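Before any comments, here is the structure.
What follows draws every value from the coordinates through simple rules; no lab data is involved. Just so we're clear, the structure is a prediction, and the values are computed from it rather than from any experiment. Here the Cβ positions follow ideal geometry from the backbone for every residue, glycine too, while neighbour counts run over all protein chains shown.
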């Protein structure tokens, strides 16, 4: 516990102890007193480390947000890599958060190209009586060649604050919402409040998808003999 947290906690406990000395105090009021202490304890907590999500976390190419990775696959030709990636793409499309908009847009074994269009729920907060989420839409392109795989995730947008019937929401494009120009303060050392959660969740989700693609080649390979090597 930090010095600030300790001071806040001691203050709360002293205040509650003082209140409990009143013989006629009701149990419900004791609960309310405890709730009054919560904001002070929350403020005393250390700040979130957002260094991972600052400058460069959301790359842009020619004005378009574009996440990409290329990795080498030891001992695999184009067709073998294509087959593994096709199975991986189908697996992604069966995920718990996937929606009706998710579909395979292109399958071309001759060129080693796979394209999937995704629409999935991105969950910000899920608690009893509280559900904060957005539709997360993107295009995932995979290009396979002998011994190598290239992935691109682009055309990112969000559909947020829709009603129960799925209408009247607001659409945000990545280029106007989570890129460096729109999601960071002037000093570029802090995320802006409105788009911060979108940027964090997007970076984490892309990382999960890219890591999952490489891991698809590791089964049942052991960690010390990884089948892939990240190129860029």
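Label positions at residue 129 and residue 231, each projected 7 Å from the Cα along the C-beta direction, are separated by 5.5 nm.
Highest average first, the peptides 106-119, 89-102 ordered by how many other beta carbon atoms sit within 10 Å of their residues are 106-119, 89-102. Highest mean first, the peptides 171-183, 50-62 sorted by other C-beta atoms within 10 Å per residue fall in the order 171-183, 50-62. Here region 51-230 yields Rg over Rh of 1.00, to two decimals, using C-alpha coordinates and the Kirkwood radius.
The relative contact order of region 56-132 comes to 20 percent, based on Cα pairs under 8 Å that sit 6 or more residues apart.
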